[in-house]
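To start, the structure under review is shown below, and the notes come after it.
The values are calculated or read from the model by the stated rules, or taken from the named source; none is laboratory data. Note that this is a predicted model, so its numbers are computed, not measured. Cβ placement follows ideal geometry from the backbone for every residue including glycine, while neighbour counts extend to all protein chains displayed. Side chains are part of the model used for accessible areas, which takes the heavy atoms of the whole protein and leaves out ligands, DNA and RNA. Shrake-Rupley method; radii C 1.70, N 1.55, O 1.52, S 1.80 Å.
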Amino acid sequence: MSAFWDAFARVPGLAAQHLLLAMCALALGIAISLPLGVWSARSPRVARVALGFASLVQTIPSLALLALFYPVLLWVSALVGGGVPALGFLPSLIALTLYALLPILRNTVTGLTGLDPAVIEAADGVGMTRAQKLRLVEAPLVLPVVMAGIRTAAVWTIGAATLSTTVGQPSLGDLIFAGLQTQAWALVLAGCVSAAGLALAVDALLGLAERGLRTRRPWLTGVALGLLAVGVVVATAPLWRSGPKTVVIGAKNFSEQYILARLIGDRLERAGYRVEYRDGLGSAVAYGAVAGGEIDAYVEYAGTLWTGQMKRTDVPPRAEQVRAIGEWAQRTNGVRLVGALGFENAYAFAMRGDDARRRGVATLADLVWVAPELTFGSDLEFLERSEWAAVKRAYPLRFRAATPYSPTFMYRALASGRADVISAFSSDGRIAADKLAVLRDPKRAIPGYDAILLVSPERAKDAAFVAALRPLVGRIPVSAMREANYMVDRDADKATPEAAARWLGEKVGLR
């Protein structure tokens, strides 16, 4: 039961961030939709444009909508000379607000255009102005319909807010994404139950308010909305506490990143810093976050920056590559390279050991001849990365099919036979545990992937911060990292990333 208690112990802080984000987006959605709905009800042309736009937004997957605001806000920030955050609260707020528009707008327009014409004529007959007619006649009649739209928008917004984790905004999605990646189902359950509980509670209170409007009992509406306001204030109380300044450690969406983030966080807490974590970031998002100061430190892999951010296609020696990355990051973004941690986590094509032996495949060159008979499983990014393009240039691989998976399920696909080859990670403990064959790369198409520690421009000037992290440089051998990864990724007797980080710290003599 301790896993469930530990998971639910993380809920209050994340629920506070989640609820604050969702309620701000809902309030902004109401503020935009209600006047726009009234205008649309008076003008069919405005209605076509407004409802068409809101409907179009709903057709965009919410995860894609969140991701799209990252380059847009980067562009806006560059246009105004900086200062516009491209990650975290702002893009999440904009995306969720857009998602909240349609149900409120549509119900408002439907309610107003569906009123009995005789009622409107009667209001006109007694000489009411347009404003008086809206306030005294139309609004009371359509409020129950509008409230139904607000309830729908509230449930959608609270549910979609779990995806804000991917752009660096803490939410209950942190638990869900981390649990899915590490197969820690207690985390998934805690995230899902808490998000559902928030949605049901908000919907119930809004439903009570709607009932008060429908039955002409204003006191009931006031009580319901008052309880909702008090609940939001109480639930978000953890955010208003003052304390030492918090530093934020970023992590991508796989076990090794969670472990290293906790190892870094442990060292910073020992140095007197208060630490928060932003888990589940994509590669481009993570580097943009540290360059923009939204996160203070994270572990990147040299090849990812080399091919993704620097657009380099050459493959120099690893030490030279790391040095060049440090100079480039400092020069272009002010990001400081603290150093390489001592191990490499490179992309490595892997097959089931018995299958590779049976087919006589030991290198990527051997794989070219049998690839048309095989299914390729990759992580979610690999098929769009420049490393895959470089591999295909060096080796004309043509697989029967290629399917992306989250890293954990990619290994599952290989074990179950749904995939015959995967884009594994060289520091993954499952390579040895599952007896996988790692294919050699004789043409050196894939660059080095030393794990390197980066800190934001602001933290680069903080001597105590950098000093707390410097002992990690060159300290972690790949064997220890594989073992720590496997503690989290194995099926039985799993450890949490926090426990694996403590073990790793003791293993390398940093505790």
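Just one of the numbered conditions (1) touching a strand residue (DSSP E or B) at 6+ places or on another chain (Cβ under 6 Å); (2) closer than 18 Å to Ala460 by Cβ is not true of Arg278: (2).
Of all residue pairs spaced 6 or more apart or on separate chains, those with beta-carbon atoms under 6 Å, a first member in the range 57-81 that is touching a residue at least 12 places away in the same chain (Cβ under 8 Å) and hydroxyl-bearing (Ser, Thr, Tyr) and a second member that is open to solvent by less than 70 Å² (accessible area, probe 1.4 Å) and in a helix (DSSP H, G or I) are Ser62/Ala160; Ser62/Leu163.
On inspection, Thr363 does not qualify as over 21 Å from Val315 (Cβ atoms), open to solvent by less than 50 Å² (accessible area, probe 1.4 Å) and of a type in the set (Ser, Thr, Tyr).
Being part of a loop (DSSP other than H, G, I, E, B), in contact with a strand residue (DSSP E or B) (Cβ under 6 Å, 6 or more places away or on another chain) and either free of Cβ contacts under 8 Å to residues at least 12 places away in the same chain or open to solvent by less than 50 Å² (accessible area, probe 1.4 Å) (or both) holds for only one residue in Ile452, Ile476, and it is Ile476.
Rundown of residues vs (1) open to solvent by less than 40 Å² (accessible area, probe 1.4 Å); (2) under 28 Å from Leu20 (Cβ atoms); (3) in contact with an Asp or Glu (Cβ under 8 Å, 6 or more places away or on another chain); (4) of a type in the set (Phe, Trp, Tyr), yes/no style:
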residue	(1), (2), (3), (4)
Phe53	no, yes, no, yes
Leu65	yes, yes, no, no
Asp116	no, no, no, no
Ala122	no, no, no, no
Met128	no, no, no, no
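For the range 289-343, the set of residues classified as closer than 30 Å to Lys392 by Cβ, among the charged types (D, E, K, R) and touching a Phe, Trp or Tyr at 6+ places or on another chain (Cβ under 8 Å) consists of Glu300, Arg312, listed by residue number. Across the range 1-39, which residue is farthest from Leu66 (Cα to Cα) among those that are more than 21 Å from the chain's Cα centre (by Cα) and either among the polar types (S, T, N, Q) or open to solvent by less than 20 Å² (accessible area, probe 1.4 Å) (or both)? Checking each candidate, the answer is Ser2.
Scanning the range 270-277 turns up no residue that is closer than 19 Å to Ala15 by Cα, of a type in the set (D, E, K, R) and assigned to a helix (DSSP H, G or I). Taken together, the residues in the range 409-432 that are in contact with a Phe, Trp or Tyr (Cβ under 6 Å, 6 or more places away or on another chain) and either over 20 Å from Glu387 (Cα atoms) or free of Cβ contacts under 8 Å to residues at least 60 places away in the same chain (or both) amount to 3.
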